[in-house]
Each structure stands twice: as structure tokens, then as C-alpha cells.
Amino acid sequence: MMKTCFTVVALAASAMATASQPALTSPDRHISVSVLPAAGGGLAYSISRDGKPVLLASDLGLQLQGADLASALTLAAASKPRVVSDQYEMVVGKKRSISYRANEQTFTVRNAQRQAMDIVFRVSNDGVAFRYVVAEPSLPHKKLIQERTTFALPPAAKAWMQPIAVAQTGWGRTNPSYEEHYQMDIPVGTVSPSPAGWVFPALFKSGDNWVAVSEAGMDGSFQASRLAPESAGGKYSIGNPMAAEVYPERGLMAEVDGTLTSPWRLLALGPLQTVTNSTLGTDLAAPAIAFDKQLVKPGHASWSWALMKDDATVYDVQKKFIDYAADMHWDYTLIDADWDRKIGYEKVKELVDYAAAKKVGILLWYNSSGPWNSTEYSPKSQLLTHEQRVAEFKRLHDMGVKGVKVDFFNGDAQSMIAYYVSILRDAADAGLLVNFHGATLPRGWTRTWPNLMTMEAVRGMEFTTFEQADEDKMPTHAAMLPFARNLFDPMDFTPMVFGDIPKIKRTSSNGFELATSVLYISGIQHFAEIPEGMATVPAYVKSFLQELPRSWDDSRLVDGYPGQYAVIARRSGDTWYFAGINATESDKTLTLDLSFAGAKQGVVIGDGDAERSFNQRGIAAGKKVAVTIKPHGGFVIKL
């Protein structure tokens, strides 16, 4: 196939006037990146795949206090491309052993005052990443005013995006929490329904290619970014957290002494299978801190709050859920909000000891917040300082508690991102696992912090228990998540209900619900179903869930389309698991090629003829298999 050759051109006659350079391409040479002058004397980049444009000329640059590094730039130097390779292990994620290989090139630019900035590009077979590095010695203190990065999609492209709520709105002023419904298959350039903008990852279809835009490499020194609400002509720009999203009396935007290094801006691109299988979100994250591998224990958890709410956070009910976890061969029981007031530390210690005897670990809920919202759930305001966290986490460790669920954060300001990182660090020092709720997107943190098991950052199952309207939208929402929110990072959706949801008419089949146990990646999968609902399922379904792996060695998209249907395969050891859901209103018949699983025998569990019933039959891999999924139905296959 012919490849389009791009050149890196000089931005001014005084610098590299006659120089041109070959394109920066991916190792397989399918993806090409061009760096070129932008209107007004700035710097731009564009991306193509197999000669077809994926991203049009898009702006680069930063505006700092005392340094405009976004306009009137001169390209001073371009390094020789070099190969970057990395091998790492992930316990929580789509794959266990991951190899990353990319071609990297650094472009040094100067403004009219001769102040310098490096822009580092990497191109891998599954996408493009770049970051800014400002080490300018004439500017010892660097304060970010605005990042000028844009992503210019062709006008005919489509978008699948989630708006972000306005800060300190909603219940208890707990927004934003990345908990909105997606706008699907909309024209690029559609204005966000929220003035706060759009969250990462944002998914686009540009011609024959799909593009997922996100960021990675968050160390607490930078704010978390988003896409601005307006994108005229399909040109999206980096948006900032709102002023209210700070940790009280601390910073909104990045501000450092010494070198300012931005997170990686990443674009996974290619066919939908390439994007869905990509690991760029962790490839670009910092390597793992030292943490006792014996404590990194992903698993499954029982949890009363999803269906039973606040009144169930009492001693006798939590003891029952420990017994439930033990019967299901699950690893944890999560005791939710107000446990300190309704049960108390001493009685919780009794539950910890009782659970340990049954080989079940206890997880405890905490309220992260200080004055930034009006929530009253406790324990509250006990994690605000390093000294508080050290004391509280030591107490939990000494009690035998395995981890914490920390809720109700205040957004994406630099100071709030630093708060997340501080909690992770102090929890790691105490040997505790972490789950963040009411939270931002992880952005690769599960690689850097092995004790981070999962994060919410999704309109999860709990919302379907509040209003029928949410339940009615749940199937299409659920079919969107593998392609966006759960694309790179673990997601605590808290899936799976087989019985009734109080005061709500369920819209999904039991096969659909069972499929979500495999479809979604979460280091600790908190299942919403309660013992009474689990008692209604056939023995083979219960056995499937008792034996379900806690982590995966490999994953791949088999078939799917965002918001309509998804079939994903995951491998543990030499056993493959497949999960499929159909969010449409019609039967969907798929012909699945399972040959990559080898010549294996297995079973498929799907929907029976009666409502909420199951059906099981034998199946053989090594050939194509036809599967028909009912509307709002689903299946699992074990080979």
C-alpha cells in the first residue's frame, strides 16, 4: 500500500531554512505524523494512516506566565528519531504482559524572546502521543496559563462523547464525577450540553479510522484536562477544570519550580479493534512504584449498598454479606458509608476477623471531602492531611482491613489531582488497596500505583436504582463503555443484577447482566446482586461466577459498535472467556470467529425463552460460530 510522505518544515527562514525531514512514522509505517507551521506563526501537527487524513492540522503550544510558547515560534531543532521500547506487567487491566514500541522525536521550538520548549512525539502502531517539556532557565518558576493543543477532526467525522457536569452542582454539590450519559454518533463540532466541556476518553470516527483521545502520565503536578465545550468545525481544544474544582486554598493549574512536564496527550487510532485493544493509556504512564506483590490481590466483592442502600450498613447484614462472599468464593466484602457510626471500629474489627476466617477481606468506605461539598456520610474529613492518613491507614492495617473506597472528590484541579496521588502514596505505604468513587478518570494510574484496584468515573449501575429513566438508557450506555470509559482504565461500574431492582423495571436480560461480569475490567469487581437474587439462578451460572478469573492475561475485541453491541474475549491462563451484549431493540445474529482460542470445547450461557431465564449449551472453538443475541440480551462463553 502506498504511504504518504510528510515533511517536517522550518517555521522561519532564519532557522532550518532549507531543511526537511522524513515523516515520523509508526514502526509498521501505517501511521505518519507531520509537524508544520500554523497560522499566526505557531506550530501544528497532523496525522494520517495509510495515506488518509485522520487529524487535520492541529495546534500545539503552551502559554505560561511570562512566556508565550504558542505563537511566533521558530523550530530550532529536531532530534533524530529513536526507538522507544518498554516491557511491563499489569495485574489490573486488559493484558498482563505488555510490550510497547514506538518511534520518538523531539522538536525544540523558541519564541521571539528565545525561550525554549521541547515537544516530544511518539508514534506506535496503535496511535500517537506527545507531551510538552519546558526547562527554560530564564523562567525558573513556571505557571501554566493555557494549553493551546487542539485536535482538528475532518468535518464529516462523528463523535461519541460524555459531557462533564458543572462543578459543585448536583446531589450534595458533588459534581463533577464523570457520571453523565454519552452523546453518541453526533457530528463533530456539536457544542457540549455542559459549559464545563467533554471528558476523556473522547471517541471519534474519522473516515475509515477510529480515534480515542485521552491523556496519561499524571504525577500530581498538572491539572487533569478535558475538551472544551465548543469545537467549531470539529476543532477540539484542551479545556481546564473550573475554578471551584480545587482543594481549598490550593492551585487550579500546573505551577512548578524547575522543569514543567505535561501529561501525554494520546490518540489511539486505527480500526475499531486496534483502538479497543490498545494499551496506550498505561504504556505512557509512569512505571510502578515499589509495592508488595503479595498485597496486589484483585478480586470479586459482595456489596449490600447497591440494592439495599443505607439501612443495610449494620452489623448483621454485613455479616450476612461476608457469608455470601464466602459461598460465592469471592475475595472481599465492601462495607459502605456510615459504618463508623452504625457499626463502629470495634464491631468492624469483629467483622474483619470473622471474614478472615472465611478467607474474605474487608474493604471500608471513606468520604474524601472537606468543605467542598455538603455530604454528611462518614467517616468524613479524616484523610485530608498526610498526618491524618498515616494514622487512619495504620489503624486500618492493624485491624486487618484490606483496602479503602474513597468517595466525593472535587474535580480536576492540579491540587485535587495531587490529593489523589497523596492518598495513593500513603495507602501504599500502609499496604492498603484503593478504590476511588465520585472521582476523575484514572489516566493510567493503575500502572504507576499497583494498589489502585479501580475507580468509578462512570454513570454506574447505582444510577439505575434511582430513576427509571436511567435504567431505560442503561443498555446503550453499557454498550458504550468498553469503547470509551473502560478503554484503558479499570471501571467500578458495580455490574450484575439478576433479581429485582426496588421500584425499577429492569430493561436488560439476565444474559446481558451475566455478560457484564466479563465485559468490564475492574481490579475489584463489586457485584450489585444480593444473596436473594443469586439464589434464583441455575447452579451452572453460580459456578461460572465462583470460578470467574480475577485478572486477565489477554483481551481482544471480537465484534462490536459503540452504543449498540459488544463482544469481547478475555483469556486467563489457557481458558478463554467471551462476553457479548446487544443494546439494540432487535435480535442480532453474529458470526464469531473463535479460531484464535484454539480447538477447545466449552459452553455458552445465554438467555432462555422465559423472561430472566438462562440457557446453556455446548460449543466448540476452532471454527466460526453463529450466535443470536436477543434485544437487551447477552451471553458468555467459556472455552
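The values are calculated or read from the model by the stated rules, or taken from the named source; none is laboratory data. Source: prediction; values computed, not measured. No Cβ is skipped: glycine too gets one built from the backbone with ideal geometry, and neighbour counts run over all protein chains shown.
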Taking only pairs six or more apart or across chains, which ones have beta-carbon atoms under 6 Å, a first residue in segment 86-108 that is under 28 Å from Met453 (Cβ atoms) and not assigned by TED's automatic domain parsing to the domain that holds His300, and a second residue that is modelled with pLDDT of 95 or more and aromatic (Phe, Trp, Tyr)? Asp86/Tyr100; Ile98/Tyr88
State yes or no: is Ala621 at pLDDT below 95, crowded, with 16+ Cβ neighbours inside 10 Å and either within 20 Å of the chain's Cα centre (by Cα) or of a type in the set (Gly, Ala, Ser) (or both)? yes
So Ala76 clears everything in (1) under 23 Å from the mean Cα position of the chain (by Cα); (2) farther than 24 Å from Ser26 by Cβ; (3) assigned to a strand (DSSP E or B) except one condition, right? Which one? (1)
Residue that is modelled with the lowest pLDDT, among those in segment 363-408 that are of a type in the set (Ser, Thr, Tyr) and surrounded by 22 or more Cβ atoms within 10 Å (Cβ to Cβ): Ser369
Within segment 385-455, strands (runs of 3 or more DSSP E) holding 3 or more residues that are under 18 Å from the mean Cα position of the chain (by Cα) and within 19 Å of Phe200 (Cβ to Cβ): 452-455
Sort through Ser595, Ser543, Ser586 and tell me the only one that's within 30 Å of Ile362 (Cα to Cα), without any contact (Cβ under 8 Å) to a residue 60 or more places away in the chain and out of contact with any strand residue (DSSP E or B) (no Cβ under 7 Å at 6 or more places or on another chain). Ser543
Among residues belonging to segment 45-75 that are aliphatic (A, V, I, L, M) and at pLDDT below 95, point out the one that is farthest from Arg148 (Cα to Cα). Leu75
Taking the criterion of being out of contact with any Lys or Arg (no Cβ under 6 Å at 6 or more places or on another chain), part of a helix (DSSP H, G or I) and surrounded by fewer than 18 Cβ atoms within 10 Å (Cβ to Cβ), would at least one residue in segment 234-242 satisfy it? no
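Pick out the one residue from Ser613, Ser555, Ser572 that is surrounded by 13 or more Cβ atoms within 10 Å (Cβ to Cβ), out of contact with any helix residue (DSSP H, G or I) (no Cβ under 9 Å at 6 or more places or on another chain) and touching a residue at least 12 places away in the same chain (Cβ under 8 Å).
Numbers: Ser613 fails: out of contact with any helix residue (DSSP H, G or I) (no Cβ under 9 Å at 6 or more places or on another chain); Ser555 fails: out of contact with any helix residue (DSSP H, G or I) (no Cβ under 9 Å at 6 or more places or on another chain).
Only one candidate passes the filter, namely Ser572.
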When the residues of segment 252-266 are filtered to those that are in contact with a Ser or Thr (Cβ under 8 Å, 6 or more places away or on another chain) and under 20 Å from Leu153 (Cβ atoms), which remaining residue is surrounded by the fewest Cβ atoms within 10 Å (Cβ to Cβ)? Arg265
Is it the case, given these coordinates, that Tyr561 is touching a helix residue (DSSP H, G or I) at 6+ places or on another chain (Cβ under 7 Å), under 25 Å from Gly444 (Cα atoms) and modelled with pLDDT of 95 or more? no
Return the only residue of Gly606, Gly618 being part of a strand (DSSP E or B) and under 17 Å from Phe498 (Cα atoms). Gly606
Residues within segment 344-362 that are charged (D, E, K, R) and crowded, with 19+ Cβ neighbours inside 10 Å, tallied: 0
Matching residues in segment 276-307 - criterion: being under 29 Å from Leu545 (Cα atoms) and aliphatic (A, V, I, L, M): Leu295, Val296, Ala301, Ala306, Leu307
What is the one condition in (1) crowded, with 24+ Cβ neighbours inside 10 Å; (2) under 19 Å from Ala337 (Cβ atoms); (3) among the acidic types (Asp, Glu) that Glu462 does not satisfy? (1)
Can you name the residue in segment 1-33 that is at pLDDT 95 or above and in contact with a strand residue (DSSP E or B) (Cβ under 8 Å, 6 or more places away or on another chain) and, of all such residues, is surrounded by the fewest Cβ atoms within 10 Å (Cβ to Cβ)? Pro27
Among residues belonging to segment 334-372 that are part of a loop (DSSP other than H, G, I, E, B) and basic (Lys, Arg), point out the one that is nearest to Tyr247 (Cα to Cα). Lys359
With the first residue restricted to segment 312-337 and required to be in the same structural domain as Phe408 (by TED's automatic domain parsing), and the second required to be assigned to a helix (DSSP H, G or I) and of a type in the set (Val, Ile, Thr), Cβ contacts under 6 Å at 6 or more apart or on different chains are Thr333/Ile322
Can you tell me which residue in segment 624-639 is surrounded by the fewest Cβ atoms within 10 Å (Cβ to Cβ), limited to those that are basic (Lys, Arg) and not in a loop (DSSP other than H, G, I, E, B)? Lys624
Looking at this structure, is Glu513 assigned to a helix (DSSP H, G or I) and closer than 18 Å to Glu180 by Cβ? no
Could you please give the count of residues in segment 222-233 that are surrounded by 21 or more Cβ atoms within 10 Å (Cβ to Cβ) and either closer than 23 Å to Ile186 by Cβ or of a type in the set (S, T, N, Q) (or both)? 5
Residues that are of a type in the set (S, T, N, Q) and within 19 Å of Pro475 (Cβ to Cβ), at least 1 per element: which strands (runs of 3 or more DSSP E) completely within segment 518-589 meet that? 575-582
